[in-house]
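The values are calculated or read from the model by the stated rules, or taken from the named source; none is laboratory data. Small disclaimer: the values here were computed from a predicted structure and weren't measured. Cβ atoms come from the backbone with ideal geometry, glycine included; neighbour counts cover every protein chain shown.
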Amino acid sequence: MTAELIEGARVIVEDRVETASVRIEAGRITGIDVARDGAVVVPARGHLLAPAFVDIHGDAFERQVMPRPGVMVPVDTALLETDRQLAANGIATAYHALTLSWEPGLRSVETGWQITRALERLRPRLTVENRLQLRWETFCTEAEPLIAHVLAGPDRPALAFNDHTTSMLLDYDVPVQDRPFDQVTPYPVTAFNDPRFLKKMADQARRAQITPEAYTATIQAVWQRRGEVPAHIARMAALAQAHKAPMLSHDDSQAETRSYYRGLGATVAEFPMHDRVFLAAREAGDAIVLGAPNAMRGGSHLGSPGASQMIARGLCDILASDYYYPAMLGAVARLHADLVASLPALWKLVSLNPARAMGLTDRGRIATGQRADLLLLDWPEGHAPAPLRTWVAGRSGYSALPSVPQTEPAL
């Protein structure tokens, strides 16, 4: 592989931004401010060079698989398009939040198998590193064979514990941010004939491609499994630990919930829903994840704590794309403009910190020996940034540069 020298950019290096040149060769960063030595020069003066993004939770791929409610397209086409979107948005490592649910349709185990098999089949053709976050609905016992298959594969996934079943059945007099620990008894369940519940079931049924009546009957039947869920959670956690897979818990609303999942090895708190959970997670040393769209928009669409506020308080370590890939860059731009933190500190939220949380020690920062996952940005002062080029392990994943760089003689 021909060496490249990205020359003259403002570079995010550790805790500072400095003008430098970065040499990459054989997929690695081989030097900072070293001689050209026959390398292909990429002129980058006036631009910003940063570590490429590590996205530990993104489900925007679902819109490629099902671009309209009830309309599914071939999975291979959807994933190839998603892969190119990732590269164009500076994401070199992506964990697709693959929901494995008891509901039919887009988030079913059957669809999960289709997407898993397609990623395995497409691996040689993919531009960025596509991994899986197994976003497991804990009432879905049928997902165990798929989880075991992915955990045993070559691309170590993450396992996220989701319990949207108890959330959907929560009594409407209890705010979702105050939802009790999932396994508390008795749990405050809504009346199944509540008009608000019936409307929610109708909305969910459209995605699942069944009637509202069938969806309501399904969730009621699934609820009867509640007594089996804790043992199954423990079994899946033990399996993930055996494969050294990172684990996360999703939408925790109580410190008790966070403590429970931490005890099973899930040391990442994903999208906490209440201040008490943030504080409990920080006290225990857990990594805390929030959505980049939250930070980019200036608040959560669900009424949960705002990312900007939590970052300023030292209660957020990681920003994930969640449902919108461009939000990772958009969030950094918004937070930087709002003077929430320095640019190097903000960039760690989308590169180094998520890499560390996933056990990826070879990426997330610009340093000699690190994997050459890089993002070159056009970012005029006072304007929105735009990706110019993304490198993934030294390969060109995306380029909007106006011309092909040429080898230049040494000065």
* Structure fact -> Those residues of the stretch 153-175 that are more than 21 Å from Glu103 (Cα to Cα) and within 24 Å of the chain's Cα centre (by Cα) come to a total of 6
* Asked: If you go through the stretch 142-182, how many residues are of a type in the set (S, T, N, Q) and surrounded by fewer than 16 Cβ atoms within 10 Å (Cβ to Cβ)?
  -> 1
* **Selected residue (only one of Leu375, Leu388 is crowded, with 24+ Cβ neighbours inside 10 Å, touching a Ser or Thr at 6+ places or on another chain (Cβ under 9 Å), within 27 Å of Ser308 (Cα to Cα) and not assigned by TED's automatic domain parsing to the domain that holds Pro326)** => Leu375
* **Gly58 being farther than 19 Å from Ala148 by Cβ, in contact with a Lys or Arg (Cβ under 7 Å, 6 or more places away or on another chain) and buried (at least 18 other Cβ atoms within 10 Å of the Cβ)** => no
* Regarding Val289, is this residue surrounded by 19 or more Cβ atoms within 10 Å (Cβ to Cβ) and in a strand (DSSP E or B)? -> yes
* Determine, yes or no, whether Arg23 is assigned to a loop (DSSP other than H, G, I, E, B) and free of Cβ contacts under 8 Å to residues at least 40 places away in the same chain. => no
* **Whichever residue in the stretch 308-332 is assigned to a helix (DSSP H, G or I) and in contact with a helix residue (DSSP H, G or I) (Cβ under 8 Å, 6 or more places away or on another chain) and, among such residues, is surrounded by the most Cβ atoms within 10 Å (Cβ to Cβ)** => Met328
* Can you run down the residue pairs with Cβ atoms below 6 Å, 6 or more apart or on separate chains, where the first is in the stretch 88-112 and within 17 Å of Ala78 (Cα to Cα) and the partner is part of a loop (DSSP other than H, G, I, E, B) and of a type in the set (S, T, N, Q)? => Gly105/Gln209
* How many residues, within the stretch 266-282, are surrounded by fewer than 24 Cβ atoms within 10 Å (Cβ to Cβ) and in a helix (DSSP H, G or I)? -> 5
* Which one of these is hydrophobic (A, V, I, L, M, F, W, C), buried (at least 16 other Cβ atoms within 10 Å of the Cβ), within 27 Å of the chain's Cα centre (by Cα) and within 17 Å of Leu375 (Cβ to Cβ): Leu80, Leu48, Leu98, Leu119? -> Leu48
* Asked: Among the residues of the stretch 221-240, is there at least one that is among the small types (Gly, Ala, Ser) and surrounded by 19 or more Cβ atoms within 10 Å (Cβ to Cβ)?
  -> yes
* Is it the case that some residue within the stretch 366-388 is touching a strand residue (DSSP E or B) at 6+ places or on another chain (Cβ under 8 Å), without any contact (Cβ under 8 Å) to a residue 24 or more places away in the chain and among the hydroxyl-bearing types (Ser, Thr, Tyr)? -> no
